[in-house]
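The values are calculated or read from the model by the stated rules, or taken from the named source; none is laboratory data. Bear in mind the structure is a predicted one, so any value in this text is a computation, not a measurement. All Cβ positions, glycine included, derive from the backbone under ideal geometry; neighbour counts span all protein chains shown.
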Amino acid sequence: MNKLNPEQYAFFAKIADLSFVNPFSHEREQADWQILNLHPQAVSVTERRKLLLEKIDSQFQALARHHRFDTRQYQGKTQETMKLAWLVRVFYGYQQRFDDFIKAQLRTGDKALELPFALAITEEFERAGFTRQETTHYIALLFQLQRAFRFIDEAVSGTSTAIVELRKRLWNNIFTFNPVWYLNYLCRRMEDFSLLLLGETGTGKSLVAKAIGCSGYIPFDDGSRRFVESFTVSFKAINLSQYSTGVLESELFGHKKGAFTGAFENHPGLFAKCSKHGSVFIDEIGEIDIPIQVKLLNVLQDRLYSPVGSHDQQRFEGRVISATNRPLEQLMESGQFRKDFYYRLCSDVITLPNLRERISQNPDELRELIASLLHRVIESPDEGLTDRIEARIQEVVPKTYHWPGNVRELEQCIRRICITGSYQSQPAVPVKQANDAFFQADAKGNYLSAQQLLQNYCRFLYDQHHSYETVARIAGLDRRTVKKYID
Ligand SMILES: Nc1ncnc2c1ncn2[C@@H]1O[C@H](COP(=O)(O)OP(=O)(O)OP(=O)(O)O)[C@@H](O)[C@H]1O
């Protein structure tokens, strides 16, 4: 058996510890700097990773000078440490290739691609004494780590305290606060850990749900050298407010041929389409009626459901992510939302910060968001355009503006400025005053059209009841129409 001298052990223990630290945390940066003995911010993130890999490699090479490095030469705690250190080394060595593979899979879509470096990475683990089983498990884990890193980073940009905290929370939601537990026990059992996303409209809940849903653990099959499914099919989303109650049931649970007039074929619902490695995202969960809440509760509780018109019970083994911009506590108090259902939805609850909070914490956040949103509006905007748009927003939007539509509104604001050069921010009118005036003529004395009146009425009702469903019922309108008027 080989022994490490205390200095060597201390070095490898630090490297092994890197696998425990959240990559979006400040502690992670500090750990890197400490290992590299560098002054903070002396080098870029990419450069830092390159230097780390070089340092780790040189230490492993020093160990292997007399014989090949093999974790089986160590025992007990030292072996555990060396295994984790090797895992970190392989991750850094293959991070770019995993990232390229993610991009290739995104381009290809739903058919799982062959991992082009499967043999090479398998060899890395096997020559270090990992079993076949450990090797496939770690390949799946490394792929998951890189997906989570990329997707969280893309979905949540910004440097305000609230956003930095959010990225850390999302990482912990995927890998838990203790990655060793995750690695050893939980990675294949995350289906019972539901996630509820809260936050005002337009704060990015759907984006975040997708980032989490595409970052689940997907086993690797070494025979075919593929992951058992493409992560692009692991995320299935539904927006509940888009459907009337009858259609919604079918969309969620599916229906049997002949279940109702027009059911010409068996129809697989959302739960049937989602594999055990995937996640179902139920958006606007605060909008659903009690009978559907009860059916969903059964799925979460017993994992069983029946398609409409069928007595067959089917099993759902994926994870449930849900989101709402409505005050669920109020809905529970008023009996519109079941408490037992709520407690099944919220193994973890994450609240997304609103734009006002983000800008007040960090005034540069607005500029960073403009730059990132401009990439969506115009593929490759230059710095100058970002400057001009930012300057125009500062001119036409009051500094203390409340941004009620959050990032979605900012995106529209940017488009509006690109087209018209200006943006009319929404006045923060007290609800009562707005309601009193909802049917009055505008300042120029123009009376409202019937459609404008209806829109104002819907908004008025929504301010009182906070529910599209209730507004639809009171106004005698379809829920989709109501949503169109309010949003
Ligand atoms: N942090 C962000 N960075 C870039 N774009 C964002 C961010 N947050 C939201 N957006 C954009 O704002 C729009 C709304 O986002 P999303 O649908 O995820 O919000 P939401 O919180 O789910 O809203 P709602 O409660 O109304 O459903 C989308 O176009 C999205 O791309």
Which of the residues belonging to the range 206-260 are away from the ligand (no atom under 13 Å from the Cβ), under 24 Å from residue 152 (Cβ atoms) and of a type in the set (Ser, Thr, Tyr)?
-> 215, 217, 230, 232, 234
Scanning the range 22-62 for residues that are surrounded by fewer than 16 Cβ atoms within 10 Å (Cβ to Cβ) and assigned to a loop (DSSP other than H, G, I, E, B) gives 37, 38, 39, 40, 41, 42, 44
Evaluate the range 324-338: report whether one residue or more is crowded, with 18+ Cβ neighbours inside 10 Å, touching a strand residue (DSSP E or B) at 6+ places or on another chain (Cβ under 8 Å) and of a type in the set (Phe, Trp, Tyr).
-> no
Grab the helices (runs of 4 or more DSSP H) fully contained in the range 413-487, keeping just those with 1 or more residues being over 30 Å from residue 388 (Cβ atoms) and either under 29 Å from the mean Cα position of the chain (by Cα) or at pLDDT 80 or above (or both).
-> 450-465, 468-475, 479-486
Could you please let me know if residue 25 is hydroxyl-bearing (Ser, Thr, Tyr), assigned by TED's automatic domain parsing to the domain that holds residue 127, touching a residue at least 60 places away in the same chain (Cβ under 8 Å) and more than 20 Å from residue 134 (Cα to Cα)?
-> yes
Within the range 256-291, which residues are β-branched (Val, Ile, Thr) and assigned to a strand (DSSP E or B)?
-> 280, 282
Would you mind stating whether residue 202 is in a loop (DSSP other than H, G, I, E, B), surrounded by 17 or more Cβ atoms within 10 Å (Cβ to Cβ), in contact (Cβ under 8 Å) with a residue 24 or more places away in the chain and within 16 Å of the ligand (Cβ to nearest atom)?
-> yes
Scan the range 142-162 for residues that are assigned to a loop (DSSP other than H, G, I, E, B) and away from the ligand (no atom under 11 Å from the Cβ) and report the count.
-> 1
Helices (runs of 4 or more DSSP H) wholly inside the range 292-395 containing at least 2 residues that are within 26 Å of the chain's Cα centre (by Cα), within 16 Å of the ligand (Cβ to nearest atom) and touching a residue at least 24 places away in the same chain (Cβ under 8 Å) = 328-333, 355-361, 364-377
From the option list 193, 235, 177, single residue qualifying as aromatic (Phe, Trp, Tyr) and buried (at least 19 other Cβ atoms within 10 Å of the Cβ) is 235
Taking the range 147-159 and keeping residues surrounded by fewer than 21 Cβ atoms within 10 Å (Cβ to Cβ) and over 14 Å from the mean Cα position of the chain (by Cα) leaves 159
Does residue 165 fit the bill of being free of Cβ contacts under 8 Å to residues at least 60 places away in the same chain and within 16 Å of the ligand (Cβ to nearest atom)?
-> yes
Would you confirm whether any residue within the range 65-75 is under 27 Å from residue 180 (Cβ atoms) and either outside the structural domain of residue 12 (by TED's automatic domain parsing) or within 33 Å of the chain's Cα centre (by Cα) (or both)?
-> no
Which is at negative phi, surrounded by 12 or more Cβ atoms within 10 Å (Cβ to Cβ) and hydroxyl-bearing (Ser, Thr, Tyr), of 122, 131?
-> 122
Matching residues in the range 4-22 - criterion: being without any contact (Cβ under 8 Å) to a residue 12 or more places away in the chain and aliphatic (A, V, I, L, M) = 10, 21
Cross-chain or 6+ apart pairs with Cβ under 9 Å, the range 175-198 first and on the phi > 0 side of the Ramachandran plot and away from the ligand (no atom under 16 Å from the Cβ), then of a type outside the set (Gly, Ala, Ser) and assigned to a helix (DSSP H, G or I) | 176/182; 176/186; 176/190
Which one is surrounded by the most Cβ atoms within 10 Å (Cβ to Cβ), of the residues in the range 241-299 that are basic (Lys, Arg) and farther than 30 Å from residue 221 by Cβ?
-> 256
Any hit, the range 74-84, residues being of a type in the set (S, T, N, Q), modelled with pLDDT of 85 or more, exposed (fewer than 12 other Cβ atoms within 10 Å of the Cβ) and in a helix (DSSP H, G or I) | no
